[in-house]
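The structure appears below as structure tokens.
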Amino acid sequence: MRPVSGKRIVAILAAGGLTLAAAACGDAPKSTPSGSGASAAAGYKACMVTDTGGIDDRSFNASAWAGLQAAKQAQGNVDPKYAPSSAEADYEPNLRGYVTQKCNFILSVGGLMGDVTKKVAAENATQQFGIVDSAVEGATNVYPMQFATEQAAFLAGYLAAGYSKSGKVATYGGLKIPPVTVFMDGFADGVAHYNKTKSKNVAVLGWDKAKQNGTFAENFGDQTKGKTITNTFVSQGADVIMPVAGGTGLGSADVAKASGGKLSVIWVDQDGCKSAEQYCDVFLTTVVKNIAGAVEQAVVDGAQGKPLTATPGYLGTLQNDGVSLAPYNQFDSKVDAGLKSEVDKLKADIIAGTIKVESANAPKK
């Protein structure tokens with residue numbers, strides 16, 4: 001499956017943010033068959049259960065919702081809706097509620113929902129599910145959408161090391177789970193590659209790849225915690241930071257805003273200059289996961305009656321534009337042309353297989 005990444009998604013993200021009122025949360029659906037084989041003429045209910053960061057997290061929940069909205073624009077019979085999860089305890093009732101409502105496609109957003117999705121899917125074998133950032137082993141009715149974010153994060157780490165003036169960069173996560181730590185692994189490896197290539201010694205604060213140990217906010221929606229962690233890193237000398245923490249990471253952007261240009265942020269999931277444009281002047285770049293494109297294509301395919309097979313599912317890479325670095329945006333004139341060229345060459349080398357980026361936290365290929 002090749003995800004759509006065109007102008008529809010950009011328009012949804014850029015034109016006034018998320019259209020949350022269109023979600024129609026919890027509306028009783030019309031009577032339609034479940035599964036991905038509904039006819040294109042019938043209404044195709046695409047129902048999303050968010051992770052705990054909230055629908056407007058400027059990150060993975062927002063990306064998935066943008067994909068559902070884009071699918072509606074691409075395929076007029078798609079009826080998107082979402083159910084918010086305030087806590088992990090909400091996952092199962094939200095999923096079961098959508099089974100009861102006979103949604104055609106039920107999307108779980110985030111790796112934390114893997115176990116409960118497997119449980120509910122096993123009890124409803126004819127219901128089509130999908131999941132972002134996880135694969136549910138043995139569940140033929142769960143379509144996985146995963147991303148080799150270690151590849152794009154490697155580029156971000158190299159960029160951060162080359163851009164840093166202090167010789168210290170930092171990263172932290174929302175939770176210590178593979179979809180988060182895979183970013184941190186790639187980032188650390190990118191810095192290490194810069195050091196090896198340039199005979200430098202740029203330090204990474206917040207993550208030790210070898211020990212798989214680092215700094216975590218234990219939350220995807222605590223902006224204050226993000227500020228506290230960031231201020232600690234700044235006090236230790238960091239001048240570039242990559243939060244992998246959903247809305248918590250906006251606390252890092254707040255600190256950068258107040259720093260007078262001394263601190264810059266590498267955002268994740270969707271281009272920060274589109275999803276959180278008020279912080280664009282502090283976003284060096286973004287490690288993009290094309291969640292929106294993957295979700296859009298899955299829903300469009302399902303609405304057209306095409307099968308969504310659990311194997312192989314979808315894996316986003318640099319080669320298929322499932323992961324990428326966003327443009328430098330307001331930092332374009334600040335990033336040295338030579339550094340830009342080196343990042344471009346690294347991308348080509350990773351795609352060609354000349355450089356191998358490896359992480360124990362990466363999805364199995």
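Computed from the coordinates by the stated procedures, all read-outs in this text should not be read as laboratory data. Keep in mind that this is a model prediction, so the values were computed, not measured. Note that we place each Cβ from the backbone using ideal geometry, even for glycine, and neighbour counts take in every protein chain shown.
Given the options Ile291, Gly313, Ala352, identify the residue whose Cα lies farthest towards the positive end of the charge dipole of the stretch 283-365 (+1 on Cβ of Lys, Arg; -1 on Cβ of Asp, Glu).
Toward the positive end, the furthest listed residue is Gly313.
When the gyration tensor of the stretch 216-319 is built from Cα positions, what are the square roots of 5 times its three eigenvalues, in whole Å, from largest to smallest?
Semi-axis lengths for the stretch 216-319 are 34, 14, 12 Å.
How high is the relative contact order of the stretch 125-197? Use alpha-carbon pairs under 8 Å, at least six apart in sequence, and give a whole percent.
32
Can you pull the percent of Cα pairs in the chain with separation above 26 Å?
Of all Cα-Cα distances in the chain, 46 percent exceed 26 Å.
For Val244, list long-range residues whose amide hydrogen, built 1.01 Å from N in the peptide plane, is under 5 Å from its own amide hydrogen.
The answer is Tyr172, Gly173, Gly174.
How would you rank Trp267, Trp207, going from fewest to most other Cβ atoms within 10 Å of each one's own Cβ?
Trp207, Trp267
Output needed: percent of Cα pairs per 10 Å distance bin for the stretch 280-365, bins running from 0 to the one holding the longest distance.
Percent of Cα pairs in each bin: 14, 36, 31, 16, 4.
Which residue, Gly157, Tyr98, Leu205, has the largest displacement toward the positive end of the dipole of the chain when charges sit on each Cβ (Lys, Arg +1; Asp, Glu -1)?
Most positive-ward Cα: Gly157.
Taking the 0 to 90 degree range and rounding to the nearest ten, how far is the long axis of helix 178-198 tilted relative to the main principal axis of the chain, both from C-alpha atoms?
With both axes taken from Cα atoms, the answer is about 30 degrees.
Dipole of the stretch 85-185, Cα-centred, from +1 at each Lys and Arg C-beta and -1 at each Asp and Glu C-beta, to the nearest 20 debye?
240
Specify whether the C-alpha gyration tensor of the stretch 164-203 places it in the rounded, prolate or oblate class, a ≥ b ≥ c being the square roots of the eigenvalues: rounded for a/c under 1.5, otherwise prolate if a/b is larger than b/c and oblate if not.
oblate
Can you pick out the pairs among Lys168/Lys364; Lys257/Lys356; Lys176/Lys227; Lys176/Lys306; Lys118/Lys306; Lys81/Lys347 whose Cα atoms lie more than 25 Å from each other?
Among Lys168/Lys364; Lys257/Lys356; Lys176/Lys227; Lys176/Lys306; Lys118/Lys306; Lys81/Lys347, the Cα-Cα distance tops 25 Å for Lys168/Lys364; Lys257/Lys356; Lys176/Lys306; Lys81/Lys347.
With charges set only on the Cβ (+1 for Lys and Arg, -1 for Asp and Glu), what does the dipole of the chain come to about its Cα centre, in debye to the nearest 20?
460
Helix 60-74 against the longest principal axis of the chain: what's the angle in degrees, Cα atoms only, rounded to the nearest 10?
It works out to around 50 degrees.
D for the stretch 86-219, whole µm²/s, Stokes-Einstein with Kirkwood Rh over alpha-carbon pairs at 4 °C and 1.567 mPa s: what number?
Rounded, D is 78 µm²/s.
So what's the back-of-envelope 222 nm ellipticity for the chain, counting only DSSP H runs of four-plus at -39500 (n - 2.57) apiece and dividing by all residues, rounded to 500?
-11500 deg cm²/dmol
Where does helix 114-123 land angle-wise versus the long Cα axis of the chain, in degrees 0 to 90, nearest 10?
Compared with the principal axis, the helix lies near 10 degrees.
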